[in-house]
Amino acid sequence: MFKRYLEKIWVQNLALLALTGLVVYYFAFIFEFKYDFDWAVFVVEGQYGHMGHLMLNGINTTLTITLYSAAIALAMGTIFGLARLSSFKPVYWFATCYVELFRNTPLLIQLFFWNFALPYAFPEEIRFKLFDMNFEFWCATVGCGIFTGAFMAEIIRAGIQSIPKGLLEAAYSSGLTFPQTLRKVILPLAFREIIPPLGSEFLNNMKNTSLAMTIGVSELCWSMTEVYSLTYRTFEAFSVATLVYLALSLSIAGILYIVNERLKIMPRDRITPLRRVADILFWPLDFLGRKLEYVFWYFRKSPDQRTVSPFKQFLNRLGKDLTKALKFLFVAAIAYILYMVVMALFHFNWEIIGANFKTLLIWRFPEGDETEFCFGLGGLASSLLMAAISIAGSFLIGLAVGMGRTSKNRVFRIPCLLYIELIRGVPLILVILWFYQAILEFVFKVDVQAFWAATIAMTFFFGAYIAETVRGGIENIPAGQVEAAKASGLTYLQTMRKIILPQALKQMLPALVGMFIAAFKDTSLAYIIGVMELTRAAYAINNRIMIYPFEIYTTVAVLYFVFSYFMSLYAKRLERKLSPETIRIEM
Amino acid sequence: MRVLKITAMAALLVMAASVAFAGPTYDRVMSTKVIKAGLSNQGIPFGFINDKNEWVGFDVDMATEIAKRLGCKLEKVVVNNNTRISFVQTNPPKVDMVLSNMTHKRVRDEKIDFSITYFFDGQKFLAKKGTVKDAKDLANMKVGSMQGTTSIVNATAYLKELGNANPQVTGYDGEVAMFEALRSGRVQAITTDSTILLGYAAKVPGQFELVGDFISDEPYGIGLPQDDSAWRDTINFTIQDIWKDGTYLKIYDKWFGANSQYPFPLTSKIEMWP
């Protein structure tokens with residue numbers, strides 16, 4: 001009886017409205033905020049200048065970094081993604097090193113390395129020249145670009161490799177040359193595979209630029225911090241920054257949505273209005289593509305042209321020699337870099353590393369005060385602990401929200417959707433600050449140590465991401481199974497528990513391990529609220545010793561790398577176990 | 001499933017144990033016998049982490065002494081220049097007092113309360129030895145300071161006064177980053193309270209020197225929750241007691257005495273109420 005009512009749309013809308021009403025009523029009348037809002041700080045000139053202008057300035061810098069670093073990332077990603085497919089081993093190894101190294105260390109550590117350690121690798125004159133050129137800004141921009149580039153390279157490689165072997169064989173046996181196969185078969189299919197995840201990398205890149213604040217670039221997060229530390233208006237500053245980030249994320253997501261719509265294969269009679277809009281927007285590109293076809297057609301080769309004249313043969317030989325020389329040069333360059341790295345390692349002050357290694361692993365456990373978190377536990381141990389707790393918690397959130405997100409009932413679906421999109425549109429650094437300085441105190445009225453605040457923030461943050469993974473897993477289960485379950489009389493929860501979730505979870509396992517790696521790397525952001533995890537411990541040690549930044553940041557990077565890399569190997573093995581069919585396209 | 005339930009319960013318990021209760025600070029502190037103090041961990045020599053990874057400094061010693069005299073345990077909470085005000089401003093306050101080399105300013109006093117002045121400092125500039133002959137040289141230098149402090153505002157105003165219409169002052173994230181900027185040559189001078197400059201300059205002896213005059217007075221006060229006079233009185237009396245029996249001088253000499261690493265003569269007296 002009740003159930004049948006809940007299936008009606010108007011009942012669902014009414015319930016949603018009632019829910020919203022309840023929330024509004026609670027916060028407006030029952031809840032004691034104990035905080036007086038003053039939005040005027042952004043429009044009036046205060047003692048320390050105009051805060052609104054400060055924020056605008058921050059938005060401008062954020063946008064600039066985002067655009068530049070996205071361009072750098074795309075270039076790096078394409079080059080290294082293709083290099084990962086190379087049959088020439090040194091190129092492949094080099095690209096693999098780049099991808100694995102940068103994907104498995106936190107961006108924050110990379111930024112610290114570029115900013116604090118790299119300048120000391122140059123002689124003094126060059127260093128001063130560098131510092132004259134807005135070094136921090138470029139450090140953040142290039143740093144974000146290189147970081148995101150590693151992820152894009154992996155996406156591009158995976159996209160190209162995702163082409164089924166049969167299609168290639170079919171293309172070759174119907175007489176297409178490699179360039180033709182590339183143009184007609186590989187790229188169109190690969191693009192469909194590549195562009196959606198590439199788009200979300202652009203989004204992540206935008207959010208990651210918020211880390212530039214840690215090295216003193218006055219972007220949006222920096223401006224926000226400046227505003228609340230000068231005017232003590234925490235809520236107002238946070239809200240404005242969050243809204244701006246959400247707006248930026250939503251606009252990027254909107255663009256991605258249109259692009260994805262354009263990429264979908266639709267039957268001609270079922271074209272959606274949005275697709276029409278997308279078609280209009282993409283018309284110039286389509287036009288260019290069609291005209292290019294003529295160009296290619298004009299330069300086509302007939303089979304008899306493929307016989308080689310002596311001159312051509314000479315050219316071919318020259319080309320081959322040139323490639324060989326290039327390859328040799330490349331190997332020489334790699335050898336030189338390796339030599340430099342080995343020499344640098346040789347000159348490392350290993351004593352410093354040895355003396356501080358234990359500190360990096362556990363900080364001062366168990367000698368800390370009893371008022372400290374877990375007797376002064378910190379360093380790598382607390383990073384791992386934080387990641388483990390938050391992923392365990394966010395798995396529960398993700399499961400519930402992911403199920404709600406796939407539900408047909410609006411009462412469940414819309415709140416879950418809002419939660420996911422809200423959290424995913426905001427940088428983690430901002431989520432942590434929100435939780436530590438605003439939500440836990442004002443809304444939940446609890447006061448917890450920084451470690452727990454960061455863990456709770458990360459739990460809610462990763463909950464949204466896991467929910468998306470769960471949704472993907474659930475939606476991948478063939479609809480027939482659900483119908484069969486319904487037909488055999490199982491309730492919704494039974495269907496979920498006995499049929500859908502066991503299969504979906506198994507498929508999601510590699511993604512979950514990946515999420516754990518991401519969480520482990522992101523614990524470095526708890527740095528911002530002073531949790532003594534690995535990054536903060538390294539920072540504190542570097543602060544004390546001052547003259548060995550290379551040694552310390554390299555050690556920390558290696559620690560992060562070792563853990564993330566081995567977990568990612570594990571994830572890969574899981575993935576292979578679950579889907580054994582992959583091939584390797586070589587170029 | 002049962003394991004999950006137990007874990008969830010345990011987690012809830014842990015959270016509940018650390019929940020603080022609202023109410024006037026004095027009553028709360030006296031009933032729980034724990035004082036939460038907001039301290040910096042980057043401000044040499046006020047609060048920093050030493051070679052043995054211990055959190056020490058003048059402010060830390062003062063906080064420990066205050067807690068000892070009130071018969072309470074001290075819980076140290078990290079604050080930085082951006083959070084030191086907001087942590088006592090919330091209700092209930094995240095920390096009961098903030099000792100984070102914070103200048104007592106009227107603007108800040110609108111938001112939180114301050115104890116009597118417990119340390120007297122002033123803002124100066126630090127530069128490489130020999131680069132600054134005259135204060136005027138500073139005008140066209142790239143200067144570093146810290147985000148969220150009044151030092152950055154003072155410095156910009158001072159450089160403008162010296163005749164540079166568009167001074168380049170960068171706000172770094174904390175003392176470490178600021179000093180790093182000076183050491184690596186990103187900026188030619190840094191500016192903040194002179195004792196902190198001394199503390200960092202002592203890390204690489206002989207390379208840097210304080211230049212120019214004090215450009216502002218910086219009397220430090222302990223940040224306290226707004227409108228809680230019982231608590232404020234307790235803190236004020238305790239500071240005066242610490243001064244009266246000579247403990248203050250002992251702590252001062254340990255950090256700033258003639259034989260210490262950061263010599264800085266004591267010029268003023270703490271305000272005493274008979």
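Bear in mind these aren't lab numbers, they're just calculated from the coordinates by the rules spelled out. Small disclaimer: the values here were computed from a predicted structure and weren't measured. Note: ideal-geometry Cβ built from the backbone for every residue, glycine included; neighbour counts use all protein chains shown.
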Straight-distance crosslink candidates among lysines, where the alpha carbon sits under 25 Å from residue A:486 and sequence neighbours closer than 8 are dropped: A:3, A:8, A:408, A:498, A:506
Å³ per residue enclosed by the Cα convex hull of the stretch A:152-230: 94 Å³
Contact order relative to length of chain A, as percent, for alpha carbon pairs under 8 angstrom and 6 or more apart: 19 percent
Inter-chain shielding of A:359-372 (mean C-beta neighbours from other protein chains, 10 Å cut-off): 3
Proximal aspartates and glutamates relative to residue A:312, as straight alpha-carbon distance under 20 Å, when same-chain residues fewer than 8 apart are discounted: A:304, A:321
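Just to be sure I understand: of the beta bridges DSSP finds with both ends in the protein assembly as shown, what percent are antiparallel, rounded to 5? Kindly include the intermediate steps, with their values, before the conclusion.
On the way: 25 of 41 bridges.
Percentage antiparallel, nearest 5: 60.
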Alpha-carbon Rg with Dmax, taken over the protein assembly as shown, Å: 30.4, 111
Net charge of neighbours whose Cβ lies under 14 Å from the Cβ of residue A:275, counting Lys and Arg as +1 and Asp and Glu as -1: +1
Calculated FRET efficiency for the pair residue A:20/residue A:286, C-beta based, R₀ 35 Å, to 0.05: 0.20
In the stretch A:85-147, chymotrypsin sites (Phe, Trp or Tyr not before Pro) in a DSSP loop with at most 16 other beta-carbon atoms within 10 Å: A:88
Cα centroid separation, the stretch A:483-507 to the stretch A:108-132 (Å): 56 Å
Alpha-carbon Debye profile of the stretch A:348-587, log10 I(q)/I(0) at 0.11, 0.17 Å⁻¹: -0.70, -1.22
Estimated translational D of the stretch B:122-217 in µm²/s (Stokes, Kirkwood radius over Cα pairs; 37 °C; 0.692 mPa s): 256 µm²/s
Rounded tilt (10° steps) of B:175-184 against the dominant C-alpha axis of chain B: 30 degrees
Extended-chain gain in nm, criterion 0.36 nm per residue less alpha-carbon gap, residue A:493 and residue A:27: 164.5 nm
Positive-pole candidate from B:29, B:126, B:172, dipole of chain B, charges at beta carbon: B:172
Cut-off 13 Å between beta-carbons: net charge of the residues surrounding residue B:244, Lys and Arg +1, Asp and Glu -1: -1
R0 of 51 Å, Cβ-Cβ distance residue A:309-residue A:562: FRET efficiency to nearest 0.05: 0.35
Label-point separation in nm, residue A:349 to residue B:229, each point 7 Å along Cα→Cβ: 5.5 nm
Degrees, to the nearest 10: B:150-161 long Cα axis against longest axis of chain B: 20 degrees
Separation between Cα centres of the stretch A:282-346 and the stretch B:68-127, rounded to whole Å: 64 Å
Among A:265, A:225, A:156 - extreme Cα towards positive end, dipole of the stretch A:51-265, charges at beta-carbon: A:265
Length-normalised contact order of chain B in % [C-alpha pairs under 8 Å, at least 6 apart]: 23 percent
Tail fraction, Cα-Cα pairs, the stretch B:39-142, threshold 25 Å, whole percent: 34 percent
Burial ranking of peptide ranges A:518-531, A:552-565 (average Cβ count within 10 Å, highest at the top): A:518-531, A:552-565
Sum of -39500 (n - 2.57) over DSSP H runs of 4+, divided by residues of chain A (222 nm, nearest 500): -24000 deg cm²/dmol
Estimated translational D of chain B in µm²/s (Stokes, Kirkwood radius over Cα pairs; 20 °C; 1.002 mPa s): 107 µm²/s
